[in-house]
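What follows draws every value from the coordinates through simple rules; no lab data is involved. Every value quoted in this text rests on a predicted model; they were computed, and no experiment measured them. Neighbour counts run over all protein chains shown; Cβ positions are idealised from the backbone, glycine included.
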Amino acid sequence: MAWNRPLIIVLLAVLLALTWWRLQPEDAEIRRSRLIMGTVVEIMAEGLESSKLETAVDAAFAEIARLDKLLSVYHQDSDVSRLSQSDNGSQVTTETAEVLALGLDVAQRSGGAFDLTLGRLNSLWAISDGARRVPGQKAISAALRGIGPTSLSLDGRLVNKRMPHLQIDLGGIAKGYAVDRAIAVLKQHGITSAAVNAGGDMYLLGQRPQRPWRIGIQHPREKDAVLETVQVSDQAVVTSGDYERFFVQEGIRYHHIFDPQSGFPARDCQSVTIIADSVALGDALATAVFVLGPETGLQLLTQYPRAEGLIVAADGTLHASPGWAHYQVAP
Amino acid sequence: MTCSAVDPVALTRARRQVFLALFIAIAVTLHVLETLLPTPVPWLRLGLANIMTLAALYLYGGRAAWTVSLARVGVGALLLGRLFSPGFWLATAGALLATSAMIIMYRVAGRRLSPIGISAIGAAGHALGQILAARLLVMQHAAIWQIFPLFLFFTVFSGILTGWLAAGLLEQLRQHPAFQSAATGQGARMRPLQLKDPL
Amino acid sequence: MKTPWQVMTGGDWLVVLFLLGVSLTGIIWIATAPAGSRVVVISGEQVRFTAPLGQPRSVVLDGPLGQTRLVIDDQGVRITESSCRQKICVAMGPASHTGDLLACVPNRILVRIDNPDGKEAPYDLLSR
């Protein structure tokens, strides 16, 4: 048959287009979990083909592990441990300095409610390690000696300790910083939609395929219930609660978020959830607000216009910052 | 030189060129006039210019149909100032699919279909081409397929209309001596398969 | 000139009826979609905004051409104003069935109705 040429060209073009379209590597979605930093870290990523996602996620986990070695109190050689062991202070890496700078800023603005020097206090209570005893007042006072927002000073990469016995504990903001860096690694690999979740402190990059990320907030007293659901994109969600690590003695709950003024667990809140631009900041603010209580905590948040918070007070009432409603998902 | 010394093959070819050019001009005019008419939904036009593409297909074959249809899209876009605009690509995609569909149907079933049937297929191809182009260029979301069934429904009717008008035009043209050779297929390089053709 | 019916052959009728059948099937399929519960606004490739259909509200969306206003009420969701030239989107009327679409193409706003309940978990991750 004498087919005419333009027709054949068009048909070939269509065929080629279909084949090319079919051969395109398909976008995948992966979820990977690992035990790092003493918690389960889960990374979800999607939008590229599987092999690229795997490479990116592996790199992200590697970065978290690297930072863990640098910032954890449980590693003898970490910057933090060396700092704690030194007399006057020491040089730290750029990353440690960044974390310290952020922590010190929140410490100052919160009037010391957030504190980076609670290493001795934490070891004393050892709640994270499962201890269930209330230390004596003398031991607590000794552990609190010299702490405060001015107990550390940072000059470039040189950290100065006001007192030699101060023990540095970066606490949650080290984890938060690691999550932020992991997200940066994923972005470098070209990923635009991902979630990095380190035991409930997370960053949500981009959006899910059809909508923003939806994050449920754990109800502080009902195990299987969700307090609220928020809708976020390119933000961190951090919750600090008195239900994560605690023990009860004689009807009193002792948990792991200490009030630096008293040396005892802070009493004014059941849980605090912060939405912020970085997990490190979110974590520092969550701790500070938890210690400060609903009113003073909300006041602190006004100094961080891009952060919003939801507080469950000790009596169970909810307090939200003005911009919080923007993130709420209508039920 | 007298007319009687003119070579009939050259004459046929010259006639074909002149008439195709005329068809293109008429097609462009029809197209431009159509865009001046108000429509409830944009892009939902009668496609009257397709009458000329059909005429070219029946009188001069598939190649000629391509000539008229592609030239109409190009010149029409130039005149309306829409060259390379999104609408231009939609129209081009529609024209490509429509013309391909019409030519294939003509080859395969030209004996059993009139211009109306061919035109209906062409209209459907036009709709499909536009939706595909819209999906790729305008809305990167599969939801655009929701519009397609309704779109297709209306284009079938406009296809019947243009096919009917084309049939009428062809009937008139074939009566004129200038189109005699064309009508018998001697000027065309393609015609519907006859049962007695060797394969 | 002959009427269309005189021109049309048996083959033509087959073609026409086939095409009409396909399009009608598609139309019925779309029209019988259940009432939707959620409005999703998409711009380009990104989801910009979602809201349930049950709660009346009015929202203004920004696009390359300017603003488009969406109103959700008991009739569904419709576009009430837009900065495009032809205002076809405004004329499209309310949408309330799953799969329904409204669009302001020049301003790159696409509004869909879907029905996410029961198909997905209420949240992707839990913050604790």
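So the values come out like this:
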{"item": "Helical mean residue ellipticity (222 nm; -39500 (n - 2.57) per DSSP H run of 4+; nearest 500) of chain A", "result": "-11500 deg cm²/dmol"}
{"item": "Ranking of B:PHE23, B:PHE153 by count of other Cβ atoms within 10 Å, fewest first", "result": "B:PHE153, B:PHE23"}
{"item": "Neighbourhood charge, 11 Å Cβ-Cβ cut-off, centred on B:GLY76 and excluding it, Lys, Arg +1 and Asp, Glu -1", "result": "+1"}
{"item": "Normalised per residue, the volume of the convex hull around the Cα set of chain C (Å³)", "result": "184 Å³"}
{"item": "More than 29 Å apart - percent of Cα-Cα pairs taken over chain A", "result": "43 percent"}
{"item": "Convex hull per residue volume in Å³, alpha carbons only, for region A:165-320", "result": "129 Å³"}
{"item": "For the protein assembly as shown, alpha-carbon Rg relative to the globular expectation (2.2 N^0.38 Å, N residues)", "result": "1.38"}
{"item": "Electrostatic dipole magnitude of chain C [Cβ: Lys, Arg +1; Asp, Glu -1; Cα centre; debye, to 20]", "result": "280 debye"}
{"item": "Out-of-range pairs (alpha-carbon distance over 25 Å; input A:LYS69/A:LYS187; A:LYS69/A:LYS161; A:LYS138/A:LYS223)", "result": "A:LYS138/A:LYS223"}
{"item": "Sequence of C:LEU14, A:LEU18 once ranked by neighbouring C-beta atoms within 10 Å, starting from the fewest", "result": "A:LEU18, C:LEU14"}
{"item": "Listed residues A:ALA198, A:ALA320, A:ALA139, most fluctuating in chain A (Gaussian network, C-alpha, under 10 Å)", "result": "A:ALA139"}
{"item": "Cα-Cα pairs of region A:151-203 separated by more than 13 Å (percent)", "result": "68 percent"}
{"item": "Calculated on alpha-carbon atoms, Rg and Dmax of region A:79-161 in Å", "result": "13.7, 40"}
{"item": "Among A:ALA178, A:ALA131, A:ALA286: highest mean-square fluctuation, GNM of chain A, C-alpha pairs under 10 Å", "result": "A:ALA131"}
{"item": "Convex hull volume per residue in cubic angstrom - Cα atoms of region A:138-246", "result": "145 Å³"}
{"item": "Region A:170-209 versus region A:104-154: alpha-carbon centroid distance in Å", "result": "27 Å"}
{"item": "Gaussian network model of chain A, Cα within-10 Å springs - most flexible of A:GLY190, A:GLY251, A:GLY148", "result": "A:GLY251"}
{"item": "All Cα pairs of region A:1-119, percent lying beyond 24 Å", "result": "57 percent"}
{"item": "Equivalent ellipsoid dimensions for region C:23-87 as semi-axes, Å, which come from the Cα gyration tensor, largest first", "result": "23, 17, 12"}
{"item": "Among C:LEU110, C:ILE30, C:THR9 - extreme Cα towards positive end, dipole of chain C, charges at beta-carbon", "result": "C:LEU110"}
{"item": "Over chain C, relative contact order from alpha-carbon pairs under 8 Å, at least 6 apart, %", "result": "22 percent"}
{"item": "Exercise: per-residue mean of other protein chain Cβ atoms within 10 Å, C:20-31", "result": "4"}
{"item": "Given charges at beta-carbon only (K, R positive; D, E negative), |dipole| of the protein assembly as shown in Debye", "result": "2920 debye"}
